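Enquirer: Below is one structure. I have some questions about it.
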Amino acid sequence: MQIDPYLNFNGNCEEAFKAYEKIFAGKIEFKMTHAESPMAAQTAPEWRDKIMHISLRVGDRLLLGADTPPQYHQKPQGLAICISAKDVAEAERVFNALAEKGQVNMPLAETFWSPRFGMLIDRFGIPWMVNTNQAS
(Lines give C-alpha, C1' and ligand atoms only; values in the text may rest on other atoms or scores of the structure.)
Protein backbone atom coordinates (compact mmCIF):
# COMPACT_ATOMS: atom_id res chain seq x y z
CA MET A 1 0.00 0.00 0.00
CA GLN A 2 1.09 3.54 -0.71
CA ILE A 3 -0.48 6.80 0.44
CA ASP A 4 0.08 9.86 -1.75
CA PRO A 5 -1.24 13.34 -0.90
CA TYR A 6 -3.87 14.87 -3.20
CA LEU A 7 -3.87 18.67 -3.02
CA ASN A 8 -6.78 20.89 -4.04
CA PHE A 9 -6.20 24.41 -5.31
CA ASN A 10 -8.30 27.49 -5.90
CA GLY A 11 -7.42 27.91 -9.59
CA ASN A 12 -3.61 27.97 -9.30
CA CYS A 13 -2.78 24.26 -9.36
CA GLU A 14 -0.59 24.40 -12.47
CA GLU A 15 1.47 27.28 -11.05
CA ALA A 16 1.88 25.41 -7.76
CA PHE A 17 2.97 22.17 -9.41
CA LYS A 18 5.51 23.94 -11.62
CA ALA A 19 6.99 25.43 -8.44
CA TYR A 20 6.91 22.05 -6.64
CA GLU A 21 8.59 20.40 -9.63
CA LYS A 22 11.58 22.72 -9.15
CA ILE A 23 11.59 22.71 -5.35
CA PHE A 24 11.42 18.92 -5.03
CA ALA A 25 13.50 18.16 -8.16
CA GLY A 26 10.58 16.08 -9.40
CA LYS A 27 8.93 15.45 -12.75
CA ILE A 28 5.34 16.18 -13.74
CA GLU A 29 4.23 12.86 -15.23
CA PHE A 30 0.63 13.67 -16.09
CA LYS A 31 -1.47 16.80 -16.53
CA MET A 32 -5.00 17.14 -17.83
CA THR A 33 -7.00 20.35 -18.04
CA HIS A 34 -10.77 20.36 -18.10
CA ALA A 35 -10.60 21.26 -21.82
CA GLU A 36 -8.58 18.09 -22.47
CA SER A 37 -11.01 15.85 -20.61
CA PRO A 38 -14.03 13.91 -21.88
CA MET A 39 -16.09 16.52 -19.97
CA ALA A 40 -14.79 19.45 -22.05
CA ALA A 41 -18.18 20.21 -23.63
CA GLN A 42 -19.76 20.59 -20.18
CA THR A 43 -16.98 22.84 -18.87
CA ALA A 44 -17.50 26.59 -18.48
CA PRO A 45 -15.14 28.58 -20.74
CA GLU A 46 -13.38 30.26 -17.79
CA TRP A 47 -12.66 26.84 -16.27
CA ARG A 48 -11.34 25.07 -19.39
CA ASP A 49 -7.64 25.76 -18.66
CA LYS A 50 -7.88 24.74 -15.00
CA ILE A 51 -6.31 21.45 -13.93
CA MET A 52 -8.57 18.42 -13.68
CA HIS A 53 -5.70 16.19 -12.53
CA ILE A 54 -1.92 16.42 -12.24
CA SER A 55 0.75 14.12 -10.86
CA LEU A 56 4.31 14.96 -9.85
CA ARG A 57 6.80 12.17 -9.22
CA VAL A 58 9.31 12.83 -6.46
CA GLY A 59 11.52 9.79 -5.97
CA ASP A 60 9.21 6.82 -5.56
CA ARG A 61 6.24 8.93 -4.39
CA LEU A 62 3.55 10.97 -6.12
CA LEU A 63 2.17 14.37 -5.25
CA LEU A 64 -1.25 14.70 -6.87
CA GLY A 65 -3.53 17.68 -7.34
CA ALA A 66 -6.34 19.51 -9.10
CA ASP A 67 -8.15 22.82 -9.19
CA THR A 68 -11.34 22.69 -7.15
CA PRO A 69 -14.35 24.59 -8.49
CA PRO A 70 -14.78 27.78 -6.42
CA GLN A 71 -18.08 26.68 -4.90
CA TYR A 72 -16.36 23.55 -3.47
CA HIS A 73 -12.93 24.89 -2.56
CA GLN A 74 -11.92 24.91 1.10
CA LYS A 75 -8.64 25.96 2.68
CA PRO A 76 -6.67 22.96 3.94
CA GLN A 77 -6.88 22.62 7.69
CA GLY A 78 -6.01 19.99 10.23
CA LEU A 79 -3.18 18.56 8.13
CA ALA A 80 0.29 19.22 6.76
CA ILE A 81 2.38 17.54 4.11
CA CYS A 82 5.58 16.31 5.77
CA ILE A 83 8.88 16.48 3.90
CA SER A 84 11.66 14.25 5.20
CA ALA A 85 14.92 15.88 4.10
CA LYS A 86 18.06 13.74 3.98
CA ASP A 87 20.22 16.43 5.61
CA VAL A 88 20.25 19.99 6.95
CA ALA A 89 21.24 21.55 3.62
CA GLU A 90 18.31 19.92 1.81
CA ALA A 91 15.91 20.88 4.63
CA GLU A 92 17.04 24.50 4.48
CA ARG A 93 16.77 24.66 0.68
CA VAL A 94 13.28 23.14 0.59
CA PHE A 95 11.98 25.12 3.57
CA ASN A 96 13.24 28.44 2.18
CA ALA A 97 11.79 27.73 -1.28
CA LEU A 98 8.38 26.77 0.13
CA ALA A 99 8.40 29.75 2.52
CA GLU A 100 8.94 32.28 -0.29
CA LYS A 101 5.83 34.53 -0.28
CA GLY A 102 4.28 32.13 2.23
CA GLN A 103 3.74 32.17 5.99
CA VAL A 104 6.27 30.61 8.37
CA ASN A 105 4.47 29.17 11.39
CA MET A 106 7.56 27.65 13.03
CA PRO A 107 10.99 28.71 11.74
CA LEU A 108 13.34 25.95 10.66
CA ALA A 109 15.46 25.18 13.72
CA GLU A 110 17.07 22.41 15.73
CA THR A 111 14.66 20.41 17.90
CA PHE A 112 15.13 17.53 20.32
CA TRP A 113 14.15 15.07 17.56
CA SER A 114 15.76 16.65 14.53
CA PRO A 115 18.69 18.85 13.53
CA ARG A 116 16.16 20.95 11.56
CA PHE A 117 12.36 21.10 11.70
CA GLY A 118 9.96 23.84 10.64
CA MET A 119 6.35 24.48 9.63
CA LEU A 120 4.87 26.83 7.06
CA ILE A 121 2.01 27.53 4.69
CA ASP A 122 3.25 28.13 1.16
CA ARG A 123 2.04 30.89 -1.15
CA PHE A 124 -0.55 28.49 -2.58
CA GLY A 125 -2.14 27.87 0.83
CA ILE A 126 -0.69 24.38 1.40
CA PRO A 127 0.62 23.56 4.91
CA TRP A 128 4.04 21.86 5.09
CA MET A 129 6.34 20.45 7.74
CA VAL A 130 10.01 20.05 6.88
CA ASN A 131 11.94 17.56 8.99
CA THR A 132 15.56 16.41 8.74
CA ASN A 133 16.07 12.67 9.09
CA GLN A 134 19.65 12.61 10.34
CA ALA A 135 22.18 14.80 12.04
CA SER A 136 24.51 16.70 9.73
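Enquirer: Any idea how many residues of segment 19-43 are out of contact with any strand residue (DSSP E or B) (no Cβ under 8 Å at 6 or more places or on another chain), part of a helix (DSSP H, G or I) and of a type outside the set (S, T, N, Q)?
Expert: 6
Enquirer: Pull out all pairs, ordered by first then second residue, where Cβ-Cβ is under 8 Å, the residues are six or more apart or on different chains, the first lies in segment 103-122 and is modelled with pLDDT of 95 or more, and the second is hydroxyl-bearing (Ser, Thr, Tyr) and assigned to a loop (DSSP other than H, G, I, E, B).
Expert: Pro115/Ser136; Phe117/Thr111
Enquirer: While we're looking at this one, here's another question. What is the number of the single condition among (1) basic (Lys, Arg); (2) at pLDDT below 95; (3) in the same structural domain as Gly118 (by TED's automatic domain parsing) that Arg93 does not meet?
Expert: Failing condition for Arg93: (2).
Enquirer: Kindly indicate whether any position in segment 102-119 is under 12 Å from the mean Cα position of the chain (by Cα) and either of a type in the set (Gly, Ala, Ser) or surrounded by 17 or more Cβ atoms within 10 Å (Cβ to Cβ) (or both).
Expert: To start, the set of residues in segment 102-119 that are under 12 Å from the mean Cα position of the chain (by Cα) comprises none.
Within segment 102-119 (the criterion being under 12 Å from the mean Cα position of the chain (by Cα) and either of a type in the set (Gly, Ala, Ser) or surrounded by 17 or more Cβ atoms within 10 Å (Cβ to Cβ) (or both)), the answer is no, since none of the residues qualifies.
Enquirer: Condition check: more than 24 Å from Phe30 (Cβ to Cβ), outside any loop (DSSP other than H, G, I, E, B) and either modelled with pLDDT of 95 or more or of a type in the set (Gly, Ala, Ser) (or both). Does Met52 satisfy that? Spell out how you get there, then give the answer.
Expert: Values: more than 24 Å from Phe30 (Cβ to Cβ): no; outside any loop (DSSP other than H, G, I, E, B): yes; either modelled with pLDDT of 95 or more or of a type in the set (Gly, Ala, Ser) (or both): yes.
Judged against the criteria, Met52 is not a match.
Enquirer: Specify the residue that is nearest to Ala91 (Cα to Cα); the eligible residues are those in segment 4-55 that are free of Cβ contacts under 8 Å to residues at least 60 places away in the same chain, aromatic (Phe, Trp, Tyr) and surrounded by 14 or more Cβ atoms within 10 Å (Cβ to Cβ).
Expert: Tyr20
The values are calculated or read from the model by the stated rules, or taken from the named source; none is laboratory data. Computed from a predicted structure; not experimentally measured. Quick reminder, even Gly has a Cβ in these numbers, built from the backbone with ideal geometry, and neighbours come from all protein chains shown.
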